[in-house]
Amino acid sequence: MNVLFDNFWALLGIKLLLIVLVVMTTALVVIYAELKLGAHFQHRIGPYFAGGRWGWAQPLADALKFLQKEDIIPAAADRVVFKAAPMVSLMAYFAVVVIIPFSPRLVVQDLDVGIFYALAAGSLGTLGVLMAGWSSANKYSLMGGLRAAAQLIAYELPLVLAVVGVVIQAGTMSMVGIVEAQAEPAFHLGSVGIPLPFVLQGQLIGFIIFMIAMLAELSRTPFDLPMAESELVMGYLTEYSGLRFTMFFLAEYAGIFVMSALVSTLFLGGYFLPGLPSNVFGPVILMGKTSVIIFLIIWFRWTWPRVREDQLQGFAWRWLVPLALANLAVTATLKVVF
Amino acid sequence: MTESPFDAAQEAPAREALADAAARFADLAGSSDFTFEHGTIKLRVERDGWIPAHEALRTELPFFSWLAGVDWARDVAVGDPPVAEDLEDHYEVMSCLADVTVGASVILSVDLPKDDATLETLTPVYGGAEWHEREAHEMFGIDFRGHPNLVKLYLPDGFEGHPLRKSFPLLSREVKPWPGTVDVEDMPSTENPEAGDRS
Amino acid sequence: MTMDPRAAMHHSEVAVSVELQTPDMTLNLGPQHPSTHGVLRLVAQVDGERVESVEPVVGYMHRGYEKLAEVRTYPQITALVNRIDWTSGFANEIAFVVGAERLMGIEAPPRAQWIRLILTEMARMANHLVFVSSYPLELGATTPMFYALHERERVLDLIEGVTGGRFHPNFNRIGGVKPAAGGGSSQKKLAQDLPKGFIDETRFAMEKVFEICDTMDKLIVGNEIFRGRTIGVGVIPPDQALAYGVSGPNMRATGIDFDIRKVDDYLPYSEFDFDVPVGENGDCFDRYMMRLHEIRQSARIILQALDTLPSGPLQAKVPRIIKIPRGEIYVRSENPKGEMGYHIISEGGRGPYRLKVRTASFSNLSVLQWLLAGVLIPDIIAILGSLDFVLGDVDR
């Protein structure tokens, strides 16, 4: 075993395989959750037959169906970019998983600049969307891609500013470090140290800003303008079919999982839960927290209408950015004072 | 037949009120020929008086309801011909105006000769006339002078003919009779008036 | 870049760089587009997200009813007209049948009129329930659709129970309504003219309808995003509405207090107590609220009509072959979408010499070109949806 783990390339291969498996599986689970939860929000039953019970195999059946579909590339499309776009979108989220700690030791690579890397890599997903929109040679796709780009620029800033608050409080950019900082006792009740996640340690506003900006990054309702099926048909996805559509589809749900895991790690204490050994239960705890966030995201999707482009921009620049800056100032002041 | 609610005695005040209203609107519109049968006030105006009549009525009847043409022709390809023997072939253009307080509604009517079916456009007076005039233009071939965009509304580009003219046959029915004709009732303009009278 | 003052006003909100002169893009929305409700086509000149001008193209669904009516008998035309606006089929028949009756000098017996009125209000309810649920869909909210359509199904079931048809009842006869199947002679008073249990089921359904209206109030009307997307968007001023013949809830949203049900007597509405909701601003939000309130008012009317339902025959005496004496008449009715009217010109035959069909959606949509100049692309959809049109009603 040790021979295998000591070899850099062998270890890298194992890690990559694990990442792909974890992300793919969770994406399928999130898709299933979306189908089933959405159905129940709407007084429907949802998937029922596939897999024998509760329709658990519905995402797999859908994936198989998509694989059999004809792969259509529009004649006027920029073929190389058109083909590369879904891969870029999907790879971006794979890249983020690398730094998410599932337990103190179960992390692919605990980078010193972990969160910085995650935000940079996560934004690449939008690049894939822009590529798809531009290369499809379709006006609806183009508008969808442009909307995605505008949205990225507007919401990346509050997203980063919200994270900076956490980084200041934790004093590190390493993801494991951030979790460990939340495992430290925040205050003492008698002789018992009470650890608190950052969301309860004055980062509530940061958490809300991060959630909102995250929805925009993921193009989820109420910020699903790049797709906006009632306006832009399917936005940047209009010309995609078959396997490439599946990749975008997976990327969307992989993105939901990855971003939710980020929120859990940054604000909710990640793999840490007081009283439970993190080394054993870490992955379960993180998945539990992530599920709550995913549930919220799905809930928003099936409840709210969509905002308009100018409202989206106005909200980011007039409210979120100033609020995030204020939050940052308060956090920094408190950090210096105490 | 039961007694008509419109010629019953208790309806007399309503009828009088209608007559008054009709006379008043006719006076406003400068029309000397008006009817108010069945609760429908209809004012006939001259072609020159078409726009002035609308302008005069606009303050009282601001709601533009519709505009439509009628093809009065003796020689018809579809349906029944008109009854009047001395009818001169012509187009009639009607517009319906209404108010939005007490519910008065007036139909203005103008006759156009077939060889010179042109009329001043209503669009400056009632903006809503635009689509209606386009429809009347394609359906009857009536020309509305000064219309901003007198192109086909419903019909595809390159469509020939004016479908609502009485001379325009329903081609699909020429090829194959409508299956409904075998039923108890016969259709307008079929040759067998006795077919339906069995009871 | 030339633009009218309205467009410039919009520009103040989101300043598009005016110095950057870029050629406008022609965006073709429809005839196959998810939000054009069928086959409407909008040719829009857009500058980024900004719409410079829109040219609506209609006629993809033109079925030539006015020509068809000239080769049909009067009883056959009732079957044609309820296909014009298929979301409220029953309401379409009323004005035509009443027009034919008035030309013949007959009147439907009270019970038939009451049944007509109940079913007309149900058609209005069904239409408005589709609207209040599908309009959020245009703004991106999918769930209300399922809630409201569930209740609409109840209403359609009731209509089906009486008439046998959900969308195209074809239930009105000249001189009354169709007797129940197997009911025998139309002149007899029939015990089975309404299906068994109809009244109780209707009362129950009306309770549910009130409930769904409250649910929509909570779910949609109070939503900040919904309000942000609709308030102040697509404002039609009253004078513009009148000049373009915009009618029904769209007109009332502009603040004009006018309902044909209150001034005409095509159905005995004067017997019932109901309010006409009137808006203030004429924007998308007001248009939405008009319909939501009208559902409640329709339920009120139906409950009152059930209490006062007279007994008696369903049909006036009419000749076996219906021939209408010479004459012409214009009868209009307050349809769910606005003023629906029929101008019948009879030359004494079995069918009309000319039948002009005035449909609400046609006039409501004709204001579109004026209304859409200078808005944003998402607003096209928001405004389009709020006008509540059906392409069958536009193209006839």
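The values are calculated or read from the model by the stated rules, or taken from the named source; none is laboratory data. Here the structure is a predicted model, which means the values were calculated and not measured. Here the Cβ is made from the backbone with ideal geometry for all residues, glycine too, and neighbour counts use every protein chain on show. Accessible surface areas use protein heavy atoms only, side chains included; no ligands, DNA or RNA. Shrake-Rupley method; radii C 1.70, N 1.55, O 1.52, S 1.80 Å.
Annotations for the structure displayed:
- Positive-end residue of C:L158, C:M251, C:G228, charge dipole of segment C:144-291 with Cβ unit charges: C:L158
- Under a model in which nothing but the beta-carbon of Lys, Arg (+1) and Asp, Glu (-1) is charged, segment B:41-170 shows a dipole of about 340 debye around its Cα centre.
- Each of C:V39, C:H128, C:P325 was placed along the dipole of chain C (beta-carbon charges, centred on the mean Cα), and the one lying farthest toward the positive end is C:P325.
- Within segment B:126-145, the residues that become at least 50 Å² less accessible when every protein chain is included than when their own chain is isolated (1.4 Å probe; DNA, RNA and ligands ignored) are B:W131.
- With the convex hull constructed from alpha-carbon coordinates only, chain C shows a mean projected area of 19.3 nm² over all directions.
- Among A:F281, A:F249, the sequence by solvent-accessible area, most first, with a 1.4 Å probe is A:F281, A:F249.
- Given B:K42/B:K166; B:K42/C:K178; C:K262/C:K323; A:K65/C:K218; B:K152/C:K337, the pairs whose alpha carbons are separated by over 28 Å: B:K42/C:K178; C:K262/C:K323; A:K65/C:K218
- Calculated log₁₀ intensity ratio I(q)/I(0) where the Debye formula runs over C-alpha points of segment A:84-144, q = 0.21, 0.29 Å⁻¹: -0.76, -1.07
- Given charges at beta-carbon only (K, R positive; D, E negative), |dipole| of segment A:122-237 in Debye: 180 debye
- Rounded to the nearest 10 Å², the accessible area of C:D265 at probe 1.4 Å: 110 Å²
- Cβ-defined net charge surrounding A:S230, 9 Å radius [Lys, Arg +1; Asp, Glu -1]: -2
- 15 Å beta-carbon shell around A:P277, net charge (K/R +1, D/E -1): 0
- Positive-end ranking of A:S219, C:V375, A:H188 along the dipole of the protein assembly as shown, with charges on Cβ about the Cα centre, is headed by A:H188.
- For segment C:75-221, the Kirkwood estimate of hydrodynamic radius, built from reciprocal distances between every pair of different alpha carbons, is 16.3 Å.
- Contact with the other protein chains removes 20 Å² or more of accessible area, compared with the isolated chain and a 1.4 Å probe, from these residues of segment A:32-59: A:F41, A:Q42, A:H43, A:R44.
- Listed by chain and number, the aspartates and glutamates placed with their C-alpha closer than 15 angstrom to that of A:K69 are A:E239; residues fewer than eight positions away on the same chain are left out.
- Within the accessible area of segment B:14-79, the carbon and sulfur atoms contribute 48%, probe 1.4 Å, all protein chains present.
- Inter-chain shielding of C:342-354 (mean C-beta neighbours from other protein chains, 10 Å cut-off): 6
- For the protein assembly as shown, the mean residue ellipticity at 222 nm estimated from helices alone is -15000 deg cm²/dmol, where every DSSP H run of n ≥ 4 contributes -39500 (n - 2.57) and the total is divided by all residues, rounded to the nearest 500.
- Rounded accessible area of C:R50 (nearest 10 Å², 1.4 Å probe): 10 Å²
- Taking all protein chains together and rolling a 1.4 Å probe, C:V39 ends up with roughly 40 Å² accessible.
- Helices that extend 20 Å or more along their long axis by alpha-carbon positions and average at least -1.0 on the Kyte-Doolittle scale are, among the DSSP H runs of chain C, C:89-104, C:110-138, C:143-163, C:198-216, C:284-307.
- For the set C:K208, C:K317, A:K289, C:K337, the ranking by accessible area, highest first and with no ligand, DNA or RNA atoms included, is C:K317, C:K208, A:K289, C:K337 under a 1.4 Å probe.
- q = 0.12, 0.17 Å⁻¹: log10 I(q)/I(0) that the Debye formula gives for segment C:248-396, counting C-alpha atoms only: -0.67, -1.09
- Accessible surface, per residue, of segment A:108-240 when the full set of protein chains is kept, probe 1.4 Å, Å²: 35 Å²
- Each Lys and Arg Cβ is given +1 and each Asp and Glu Cβ -1; about its Cα centre, the protein assembly as shown then shows a dipole of about 3380 debye.
- Summing Lys and Arg as +1 and Asp and Glu as -1 over all other residues whose Cβ lies under 14 Å from the Cβ of A:I294 gives a net charge of +2.
- Separation of the alpha carbons by more than 32 angstrom is noted, of B:K114/C:K356; C:K67/C:K208; C:K67/C:K196, for C:K67/C:K208; C:K67/C:K196.
- Rolling a 1.4 Å probe across the protein heavy atoms gives segment C:226-334 an accessible surface of 33 Å² per residue.
- Within the accessible area of segment C:16-112, the carbon and sulfur atoms contribute 58%, probe 1.4 Å, all protein chains present.
- Modelled FRET efficiency - R0 56 Å, A:I194 with A:W9, Cβ distances, 0.05 increments: 0.80
- Extent along principal axes [Cα atoms of chain A; Å; largest to smallest]: 69, 54, 45
- Diffusion constant of the protein assembly as shown at 20 °C, which comes from Stokes-Einstein with the Kirkwood Cα-pair radius and 1.002 mPa s, µm²/s: 68 µm²/s
- Shape call, segment A:113-211: gyration tensor on alpha carbons, a/c limit 1.5: prolate
- Buried on assembly, segment A:282-330 (at least 50 Å² less accessible surface than by itself, 1.4 Å probe): A:P305, A:R306, A:R308, A:D310
- Chain B against chain C buries an accessible area of about 5500 Å², both chains summed, 1.4 Å probe radius.
- Listed by chain and number, the aspartates and glutamates whose C-alpha is less than 20 Å from the C-alpha of A:K335, apart from same-chain residues fewer than 8 away, are A:E180, A:E184.
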